[in-house]
Amino acid sequence: MTHVVLRDLTRRFGGVTAVDRLSLEINSGELVAFLGPSGCGKTTTLRMITGLLLPTSGDVLFDNKSMITVPTEKRGAVMVFQKHLLFPTMTVGQNVGFGLRMQGVEKREMQRRVDEMLELVKLPGFANRRAHELSGGQQQRVALARALVVRPKVLLLDEPLANLDANLRLEMRELIRNIQREMSITTVFVTHDQEEAVMLADRIALMFDGLLQQYAQPQDFYQRPTSARVAHFFRNDNLLAGIRRGAQVETALGTLEVDADRTQQPDGKVLVTVRPEDVRLMPNPDEGNCVEAKVLLQVYMGTHTQVQLDLAGHTWMVHSPAHFQAQVGQTITVQLPRSNIWLLPESAS
Amino acid sequence: MRWLSLMEKIRAPLMVFPAVALIVLLFFGGLVVGLGQSLGYFPAIDSFELTFRYYGEVLSDNTFFESLWQTFRLALLSTVMSSILAIAIALVLRNTFRGSRFFTFLFQLSIPIPHLVAAAGIVLLVSQSGIIARAAYAAGLIDAPRDFPVMVFDRAGTAIQLTYLWKEVPFIGIVVLAILQGIGPQYEEIARTLGANAWQRFRYVLLPLIMPGVLSTSIIVFAYVFASYEIPLLLGVRHPTTLPVLAFQSYQDPDLSLRPQAMAMSIILTLIAVVLLVAYKRLARYAVNT
């Protein structure tokens, strides 16, 4: 149970800033996902937490104690890499017991804890196998057991599911979540897969180009994105330019009513957004905010129908019930429910 | 069809036959002739009886055992020291630093240079009239060049060892370096986050990974040093000399009756080398895995 603070963490490689003044707190026992596209600085951040990479400036604190001068081997921040990387010269048992052996733990105690861990990752009786005799998923579970057995202060997972097939990935997600909850280990998880982050994390830190964009609970990235770019990463490209005046936004489609308490954008130029699943194709005229839209495309997706609309020159995507039917080119009335409207800063468009 | 399938079966053996024949003929042919002579079958001196007499003569001579010890000592020391130095240098050279490519090139430079040239170079460098002795004298560190410690033709075989080191360290080193570069840094990084200090990372992670390479190259070095005669002949003392030199001297003696003894020595040398190589391999594997 370790409380982690990253304070103004910056790392430059030559002229390139990989991580730029990153500040955030991770509560004890919390599972945080660092999310972002390749090269956004998430793995660099992870390496700085372990100490494998020193920051150019800034600080890493475990329980309010600076870790900058503490070498990796003494930090207790254990990393599980993308490639399973079990030590090929050792058996599964020796791999899992590696950290304990380094600590000089007595042999019988080591054996007991190794067996306990293999049980936890559902690989009992595998201790005498060699790494190459295991499947990819089994190797990844051994790597996880090897990290957990030393009871790390912080567990760092660098895209540990990236090399697994879809079914295994689901299984591993569940396993990681259960073990993390059971052991209450502060965990940081790097991924570029937003679905994975949403399913696993208590909180998500979304990064672009080395900068932290938003650090919040998963649902906030859907309901309260901080910018159009964040909304786009979470598959929402429905944007409409407007000017906010109090509880109203003037747009090319007319005046829209907004929930003044829900949105923090100041008066002035804004971008109106409603998530694809929140736009109503069968409006209730009593609730207002009905606008005209032209159907550009509709694709039956099984569970729903995806409808592409033209709203005053902006292309919007809407998820309608599967039975929805309209003609391409037809003008229909859609409703942007007041309680689902979110306003984004105009500059971030 | 049957003809075709037969051809298919013997095609590979047929293709490797010339190379294998050459090896069998040269190596086993020589070995069989040597074995015959060591057992007394030597038509050139009208000797046809098969006997272990020459082995008995060799094994009852104290000189043989002194030479055997000298040979073993030189081979083992050269191999162990070369391996340790090679691993140490490879560990440094695998890091990228200013001039690392140049140093890697420099490190490999001695590989194509013949052992004899290396021996001559070492004599020029470390003998009492050599460059280092004269430099030390010029710098006032010693009163006369003869005060410089004897390193050539000494009983310890210092110049012999230096020659082997100069030649064999890069040989083992480039193999270790290639393995290290293939391994990458991640195993060590994992070990590090799991609490392993620098020594533990080397001992438990890197060493087992590079050991197959170190073993195979150091076995070649050991076998070479154990059986080579030119360097001890040029740079070593006459007594005790190494077994290959002893055997070669007996072989070259105008008295042909000494030839069976030379051959007995060579056969014993071969047998000992094989036994030592097997033991060395087993011992090194055991040491790494425990």
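Before moving on, here are some points about what is shown:
- Span from the the stretch B:179-251 Cα centroid across to the the stretch A:46-92 one, whole angstrom: 33
- Highest-MSF residue in chain B out of B:262, B:75, B:12 [GNM, Cα springs under 10 Å]: B:12
- Share of carbon and sulfur in the accessible heavy-atom surface of the stretch B:6-152 [1.4 Å probe, %]: 73
- Direction-averaged projected area, Cα convex hull, the protein assembly as shown: 48.6 nm², rounded to one decimal.
- Taking the Cα centre of the protein assembly as shown as origin and assigning +1 to Lys and Arg Cβ atoms and -1 to Asp and Glu Cβ atoms, the resulting dipole is close to 960 debye.
- Evaluated on chain A, the Kirkwood hydrodynamic radius is 22.7 Å, with distances taken between all distinct Cα atoms.
- Rounded accessible area of residue A:286 (nearest 10 Å², 1.4 Å probe): 140
- Quick note on the stretch B:85-239: its Rg to Rh ratio, both from C-alpha atoms and Rh being the Kirkwood radius, is 1.07.
- The mean number of partner chain beta-carbon atoms within 10 angstrom of a residue's beta-carbon across peptide B:194-206 is 5.
- Per-residue SASA remark: residue B:69, around 150 Å² accessible (1.4 Å probe; ligands, DNA and RNA not included).
- Dipole of the protein assembly as shown, positive end: most advanced residue of B:7, B:131, A:270 [Cβ charges, Cα centre]: B:131
- In order along the stretch B:63-80, phi translates into HN-Hα couplings of 4, 4, 6, 4, 5, 4, 4, 4, 5, 4, 4, 4, 5, 5, 4, 4, 5, 5 Hz, rounded to whole numbers, per the Karplus curve 6.51 cos²θ - 1.76 cosθ + 1.60 with θ = phi - 60° and x for Gly and Pro.
- For the stretch A:185-248 versus the stretch B:136-152, the gap between their alpha-carbon centres in whole angstrom: 76
- Relative intensity of chain B on a log10 scale, I(q)/I(0) at q = 0.14 Å⁻¹, equals -1.14, per a Debye sum over C-alpha point scatterers of equal strength in the absence of solvent.
- Straight Cα distances below 23 angstrom link residue A:42 to the lysines A:65, A:74, A:83, A:153, with same-chain residues fewer than 8 positions distant left out.
- A 1.4 Å probe over all protein chains sorts A:65, A:42 by accessible area into A:65, A:42, starting with the largest.
- When both bridge partners sit in chain A, DSSP labels roughly 75% of those beta bridges antiparallel.
- When the charge dipole of the protein assembly as shown is built from unit charges on Cβ atoms (+1 for Lys and Arg, -1 for Asp and Glu) and taken about the Cα centre, the candidate among A:332, A:150, B:220 whose Cα reaches farthest toward its positive end is B:220.
- Chain B, relative contact order in percent, only Cα pairs under 8 angstrom and at least six apart counted: 27
- Look at the dipole of the protein assembly as shown built from charges on Cβ: of A:321, B:239, A:76, the Cα furthest out on the positive end belongs to B:239.
- Span from the the stretch B:78-125 Cα centroid across to the the stretch B:259-278 one, whole angstrom: 31
- Accessible-area rank, largest first, for B:166, B:199: B:199, B:166, with all protein chains present and a 1.4 angstrom probe.
- Evaluated with a Cβ-only charge set (Lys, Arg +1; Asp, Glu -1), chain A carries a dipole of roughly 1420 debye about its Cα centre, given to the nearest 20.
- Sequence of B:98, A:11 when ordered by accessible area, the most exposed leading, probe 1.4 angstrom: B:98, A:11
- Just checking the listed ones, B:225, B:275, B:176: in the Gaussian network model of chain B with Cα springs under 10 Å, the one fluctuating most is B:275.
- For the stretch A:289-299, 3J(HN,Hα) computed residue by residue from phi via the Karplus equation (6.51, -1.76, 1.60; θ = phi - 60°) reads 6, 8, 10, 8, 9, 9, 6, 9, 6, 9, 10 Hz, glycine and proline entered as x.
- Rounded to the nearest 20 debye, the dipole magnitude of chain B is 1200 debye, with +1 charges on Lys and Arg beta carbons, -1 on Asp and Glu beta carbons, and the Cα centre as origin.
- Rounded to the nearest 5, the antiparallel percentage of DSSP beta bridges internal to the protein assembly as shown is 75%.
- Computed [θ] at 222 nm, deg cm²/dmol, chain A (DSSP H ≥ 4; -39,500 (n - 2.57); rounded to nearest 500): -7000 deg cm²/dmol
The values are calculated or read from the model by the stated rules, or taken from the named source; none is laboratory data. Because the structure is a prediction, the values reported are computed rather than measured. Positions of Cβ are backbone-derived with ideal geometry, glycine not excepted, and every protein chain shown enters the neighbour counts. Note: areas computed on protein heavy atoms with side chains; ligands, DNA, RNA excluded. Shrake-Rupley method; radii C 1.70, N 1.55, O 1.52, S 1.80 Å.
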